[in-house]
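Visitor: Mind having a look at this structure? Questions to follow.
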Amino acid sequence: MKLAGLIEAAGLGVAGGDDVTVTGFAIDHRKIAPGTVFGAFRGARFNAEDFIPDAVEAGAVAVVAAPEAPVKGALHIASEEPRRTFAQLAARFFTPVPQTIVAVTGTNGKTSTAEMTRQIWRMCGERAASIGTLGVTTPDESVSTGLTTPDIVTFLSNMSGLAREGVTHVAYEASSHGLSQFRNEGLRVAAGAFTNFSRDHLDYHADMDEYFSAKMRLFDEVVEPGGVAVIWSGGEKCEWTRRAIGHAQRRDLRVALVGEAAEGADTYLRLLSREATQLGQTLQVEFAGEERVIKLPLIGAYQAANALTSSALALATGADPAQVFDAVGRLQPVRGRLERAVITPAGAPVYVDYAHTPDALEAAIAALRPHVDAAKGGRLIAVFGAGGDRDTGKRAPMGDVAARAADIAIVTDDNPRGEKPAAIREQVLAGAAGAANIRDIGGRREAILAAVTDADANDIVLVAGKGHEQGQIIGSGDTMRVLPFDDVQVARECAAQAVR
């Protein structure tokens with residue numbers, strides 16, 4: 001493709017590049033080949049502008065950077081928002097793309113909602129994929145791992161590759177980091193979903209308002225004009241829900257409210273009742289004036305929320321209602337999201353969940369609580385920790401939640417990274433000061449073994465924090481190591497060695 005043509009297609013109004021052939025895009029100067037467009041962005045740790053000369057020497061034909069960046073020997077595409085401009089340009093290069101694309105944002109539930117949307121589309125006969133924390137999940141269920149929101153070049157390259165493989169429908173996770181850094185720009189996004197909002201990532205965002213604003217870029221700028229904003233509305237409309245509705249309405253997006261508090265002109269899919277069963281739950285919903293009963297084979301209120309939000313995304317993009325609701329009744333668990341890992345020799349089920357915020361931990365415990373046989377002395381045992389080099393303000397609230405909501409809580413190590421593990425656990429325990437049902441076991445394997453060994457037939461064990469992750473991060477910088485650690489596998493090994 002000619003550079004001038006890409007610039008014109010992106011509407012950038014930059015002169016030049018008529019005879020320049022573009023062969024690719026890169027944001028890493030080490031990946032430059034002749035004909036590459038280089039994105040030179042200023043980051044928290046590195047300033048890519050420092051590597052512009054290296055990129056040009058390696059063959060970069062254009063550099064997208066701030067107006068004052070020192071660009072010589074290549075076309076300077078100057079922009080006050082170089083990340084956005086780079087994304088808009090790259091989106092014209094990476095073609096084709098799937099015809100139907102939806103995005104999911106929110107603090108919790110993004111992974112499950114995106115993956116469940118993929119499953120629903122697949123069961124409706126579409127060739128569908130999902131992109132997010134679990135990686136890229138293709139129509140044949142194969143998974144390649146990745147970041148929640150990969151860099152823009154990887155993201156667009158994945159989208160184009162999926163389209164070339166015949167994929168027509170994609171659901172992707174839009175994290176606050178990805179949205180604020182323009183890592184998923186330039187595509188026609190037919191619908192966006194907002195799952196919920198609570199404290200997280202305040203090591204990156206200055207405060208909750210800035211964090212929320214990053215999320216709302218999905219409705220403010222990413223969803224195409226005339227698209228749909230699917231918004232979960234739980235037991236009552238919270239302030240964040242109302243604000244999300246306002247953002248969507250200001251763009252004249254079609255608001256589709258989903259949930260228990262969904263009512264009024266914007267109601268799309270209403271949850272009338274939910275009843276826990278032994279292996280899942282029965283949902284009574286109302287859609288298009290018709291009541292339906294769905295037997296969801298997943299446990300937990302928030303799994304119901306994820307499933308119904310996914311349903312709304314599929315419906316909003318043209319799926320047949322009968323097929324959608326039939327598919328919801330056949331959804332499979334998402335890796336590391338209330339995933340039942342094993343049943344102990346004593347008969348206690350062990351669940352693994354990615355919950356790593358106070359709200360998510362409380363939701364996971366609440367999801368399992370109805371399945372604990374309290375009449376027979378059943379207990380809910382929670383094993384959890386908090387990550388190092390991340391938002392420290394959520395640690396004490398996590399300790400408070402665990403002590404209040406679980407019958408027995410064990411604080412252990414998560415991914416300590418560059419912090420001292422004992423210091424992290426101490427901050428978590430401070431939130432449960434005076435609680436008699438919480439204890440400290442540093443080694444994660446030892447903590448899981450203690451819970452599994454202690455659990456009786458009427459108990460349930462929850463191992464929270466890492467979910468699908470396959471390693472434990474120790475140290476930072478040059479000393480960082482990733483030790484193999486899979487909560488599901490470790491839980492199974494502990495169950496095998498548990499001695500009663």
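Visitor: Which pairs in the list K295/K376; K31/K420; K110/K295; K376/K466; K31/K394; K72/K215 are over 32 Å apart, alpha-carbon to alpha-carbon?
Guide: Among K295/K376; K31/K420; K110/K295; K376/K466; K31/K394; K72/K215, the Cα-Cα distance tops 32 Å for K31/K420; K31/K394; K72/K215.
Visitor: Another question about this same structure. Label points 7 Å out from Cα along the Cβ direction at L272 and A44: separation in nm?
Guide: Taking the simple label geometry, L272 and A44 are separated by 4.7 nm.
Visitor: Among S79, C238, A62, whose Cα projects farthest towards the positive end of the dipole of the chain, with charges put on the beta-carbon of Lys, Arg (+1) and Asp, Glu (-1)?
Guide: Farthest towards the positive end: C238.
Visitor: If we count every other residue with Cβ under 12 angstrom of H468's Cβ, Lys/Arg +1 and Asp/Glu -1, where does the sum land?
Guide: Summing Lys and Arg as +1 and Asp and Glu as -1 gives -3.
Visitor: Now, a different point. Could you tally the net charge around A66, taking each other residue with its Cβ under 10 Å from the Cβ of A66, Lys/Arg +1 and Asp/Glu -1?
Guide: Summing Lys and Arg as +1 and Asp and Glu as -1 gives -3.
Visitor: Can you tell me the accessible area per residue over the chain, all protein chains present, probe 1.4 angstrom, in square angstrom?
Guide: 40 Å²
Visitor: If the chain between I343 and E493 were fully stretched, how many nm would it gain, using 0.36 nm times the residue separation less the Cα-Cα distance?
Guide: The span from I343 to E493 would gain 52.9 nm if fully extended.
Visitor: Now, a different point. If you fit an axis through the alpha-carbon atoms of helix 152-164 and take the longest principal axis of the Cα set of the chain, what angle between them do you get, 0 to 90°, nearest 10?
Guide: 90 degrees
Visitor: May I ask for the angle, rounded to the nearest 10°, between helix 395-405 and the longest principal axis of the chain, with both axes built from Cα atoms and the value confined to 0 to 90°?
Guide: 40 degrees
Visitor: Amide H neighbours of I438 under 5 Å, at least 5 residues apart or on other chains, H built in the peptide plane: list them.
Guide: For I438, the qualifying residues are A409.
Visitor: For the chain, what value does the Rg/Rh ratio take when both radii are computed over Cα atoms and Rh is the Kirkwood radius, given to two decimals?
Guide: 0.99
Visitor: Rounded to the nearest 0.05, what FRET efficiency do K420 and V143 give with R0 = 41 Å and r taken as the Cβ-Cβ distance? Could you check?
Guide: 0.75
Visitor: Using only alpha carbon positions, build the gyration tensor of the stretch 273-322, then give the equivalent ellipsoid semi-axes as the square roots of 5 times its eigenvalues, largest first, whole angstrom.
Guide: With the √(5λ) rule applied to the stretch 273-322, the semi-axes are 20, 12, 8 Å.
Visitor: Let me ask something else about it. Determine one quarter of the surface area of the Cα convex hull of the stretch 118-179, which equals its mean projected area, and express it in nm² to one decimal.
Guide: Computing the convex hull of the Cα atoms and averaging its projections yields 3.9 nm².
Visitor: OK, next. Averaged across orientations, what area in nm² does the convex hull of the alpha carbons in the stretch 54-148 project?
Guide: 8.6 nm²
Visitor: While we're on this one: Could you tally the net charge around G377, taking each other residue with its Cβ under 15 Å from the Cβ of G377, Lys/Arg +1 and Asp/Glu -1?
Guide: -2
Visitor: Using the charge dipole of the chain (Lys, Arg: +1 at Cβ; Asp, Glu: -1 at Cβ; taken about the Cα centre), state which of T344, G465, T107 has its Cα farthest towards the positive end.
Guide: Towards the positive end, the residue furthest out is T344.
Visitor: Moving on. Apply the Karplus parameterisation 6.51 cos²θ - 1.76 cosθ + 1.60, with θ equal to phi minus 60°, to every residue of the stretch 317-326 and state each ³J(HN,Hα) to the nearest whole Hz, in sequence, with x for glycine and proline.
Guide: With the stated coefficients, the stretch 317-326 comes to 9, x, 6, 6, x, 4, 5, 4, 6, 5 Hz.
Visitor: A follow-up question, please. Give me the distance between the Cα centres of the stretch 18-51 and the stretch 93-162, rounded to whole Å.
Guide: Centre-to-centre distance over Cα atoms comes out at 25 Å.
Visitor: Say a paramagnetic label sat at a point 7 Å from the Cα of Q99, along Cα to Cβ; which residues of the stretch 1-24 have their backbone N under 20 Å from it?
Guide: Within reach of a label on Q99: no residues.
Visitor: Between E239 and A322, how high is the FRET efficiency from 1/(1 + (r/R0)^6) when r is the Cβ-Cβ distance and R₀ = 35 Å? Nearest 0.05.
Guide: After rounding to 0.05, the efficiency reads 0.45.
Visitor: As a test question: what accessible area, to the nearest 10 Å², does D209 have when a 1.4 Å probe is rolled over all protein chains in place?
Guide: My reading of the accessible area for D209 is about 80 Å².
Visitor: If you don't mind, another one. At what distance in angstrom do the alpha carbon centres of the stretch 441-480 and the stretch 322-363 lie from each other?
Guide: That distance is 17 Å.
Visitor: Return the distance in nm (one decimal) between the two label points of a simple spin-label model at D440 and D252, each offset 7 Å from Cα along Cα→Cβ.
Guide: 5.9 nm
Visitor: Let me ask something additional. Rolling a 1.4 angstrom probe over the protein chains, ignoring ligands and nucleic acids, what is the accessible area of T392 in square angstrom, nearest 10?
Guide: Rounded to the nearest 10, the figure is 80 Å².
The values are calculated or read from the model by the stated rules, or taken from the named source; none is laboratory data. From a predicted model like this one, the values you see are computed outputs, not experimental measurements. We place every Cβ from the backbone using ideal geometry, glycine too, and count neighbours over all the protein chains shown. All accessible areas refer to the heavy atoms of the entire protein, side chains included, with ligands and DNA or RNA removed. Shrake-Rupley method; radii C 1.70, N 1.55, O 1.52, S 1.80 Å.
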